[in-house]
1. Between residue 128 and residue 160, what is the spin-label point distance in nm, taking each point 7 Å from the Cα along the Cα→C-beta axis?
2. What is the packing order of peptides 11-18, 49-56, 105-112, taking the mean over residues of other C-beta atoms within 10 Å and listing the highest first?
3. If you rank 87, 8, 29 by fewest surrounding Cβ atoms within 10 Å, what's the result?
4. With charges only on Cβ, +1 for K and R and -1 for D and E, what is the dipole size of the chain about its Cα centre, in debye, rounded to 20?
5. Just to be sure I understand: if I project the alpha-carbon convex hull of the chain onto a plane and average over all orientations, what area do I get in nm²?
6. Label points 7 Å out from Cα along the Cβ direction at residue 93 and residue 55: separation in nm?
7. For the chain, what does -39500 (n - 2.57) per DSSP helix run (n ≥ 4), summed and divided by total residues, give at 222 nm, in deg cm²/dmol to the nearest 500?
8. Each label point is 7 Å from the Cα along the Cα-to-Cβ direction; what then is the distance between the points at residue 153 and residue 20, in nm?
Amino acid sequence: MAGKGKLFVVSAPSGAGKTTLIRQVLKRFKTLSYSVSHTTRAPRSNEEDGLDYFFISPAEFEEKIAKGLWLEWAKVHDNYYGTSKSFVKACLQKGKSLLLDIDVQGAEKIMASGLNPVSIFIMPPSFEVLSQRLLNRGTDSKEVIEKRLVNAKTEMALKDLYRYVVVNDDLNTALKELYSIFKKEMDGE
Ligand code: ADP
Ligand code: 5GP
């Protein structure tokens, strides 16, 4: 499946700032494509179908599991999330670099797949800051935030599986660190 394009996998506990950071990385590196995932969770008010996610029903998602259409999929915080096999395959065959924003379960599957991804884990500076960011974001209910914080502990325990760990304390510092990782890994394309 691999051409000369690189596959980047970025994971983080919910609220660490991954979406904020990735948006800037995609603006900066114009040749980097983004893999829009499919999910069964409800869209947030600021999200657009086809841009942030493809929002589909659990029945549609399960049908695609049965047909083997996912490169990887996982149940995260009680919802299904999946990466389209055909999209990733087409990008890599064209030699395009691709960024996957996926959870630790999905990342482990990609790492074991032979696709040799550049894996990056975004850490919050502390658990307290993580909790505060989720509250400040104001997009999730108290119950959803509690579930995400419980899952965060398990996810952060797996950070050493990744090639790079970036702490998102000061946003600009974290961005600079990410830019230098992407620049280094994409050089020679
Ligand atoms: P994730 O995609 O990892 O769930 P978001 O990118 O949605 O996280 O960020 C969670 C919240 O934290 C958002 O309100 C965002 O504006 C804020 N945030 C992100 N990075 C920082 C930072 N370095 N310092 C302070 N707030 C941040
Ligand atoms: P959110 O609901 O906050 O957008 O995302 C929740 C979690 O699901 C995040 O950790 C995000 O990286 C992960 N996620 C998003 N898309 C996918 C995907 O296609 N596959 C997997 N395994 N995880 C995903």
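Computed from the coordinates by the stated procedures, all read-outs in this text should not be read as laboratory data. All values derive from a computational prediction rather than experimental measurement. In this analysis, Cβ positions are derived from the backbone assuming ideal geometry, glycine residues included, and neighbour counts consider all displayed protein chains.
1. Spacing of the two 7 Å Cα→Cβ label points: 2.6 nm.
2. Working: 11-18: 23.2, 49-56: 13.8, 105-112: 18.1.
With the highest mean Cβ count within 10 Å placed first, the list reads 11-18, 105-112, 49-56.
3. Details: 87 15, 8 26, 29 18.
If I rank by nearby Cβ atoms, fewest first, I get 87, 29, 8.
4. On the way: 28 positive and 24 negative charges, 128 e Å.
Charge dipole, the chain, about its Cα centre: 620 debye, nearest 20.
5. Values: hull surface 41.1 nm².
Projected area, direction-averaged: 10.3 nm².
6. Taking the simple label geometry, residue 93 and residue 55 are separated by 3.2 nm.
7. Details: 7 runs with 79 residues, N = 189.
Helix-only estimate at 222 nm: -13000 deg cm²/dmol.
8. About 2.5 nm separates the two model spin labels.
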